[in-house]
Amino acid sequence: MIEALKIEFGWGTLKATDIVDYVPMIISKDNYKYITGQEYQENKEG
């Protein structure tokens with residue numbers, strides 16, 4: 001799953017805003033950084 005997300009992110013078919021929805025249910029914050037190259041930012045609006 002993580003590798004598939006990384007590939008799709010690299011192709012541009014997924015954006016970081018799409019992948020953030022998978023944290024923490026499917027992937028970890030570390031996986032998010034691995035896939036996107038960006039630190040995970042928790043949504044503070046809730």
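Every number here is computed from the coordinates shown, using simple stated rules; none is lab data. Predicted model only: the values in this text are computed from it and were never measured. Neighbour counts run over all protein chains shown; Cβ positions are idealised from the backbone, glycine included.
Would you mind checking the tilt of helix 2-11 against the longest principal axis of the Cα atoms of the chain, expressed as 0 to 90 degrees and rounded to 10? Result, in degrees: 70.
Only helices enter this figure: runs of n ≥ 4 DSSP H residues, each worth -39500 (n - 2.57), summed and divided by the residues of the chain, yield -12500 deg cm²/dmol at 222 nm to the nearest 500. Other residues whose C-beta falls under 14 angstrom from the C-beta of Tyr34 contribute a net charge of -1, scoring Lys and Arg +1 and Asp and Glu -1. Projected over every direction and averaged, the convex hull enclosing the alpha-carbon atoms of the chain yields 3.1 nm².
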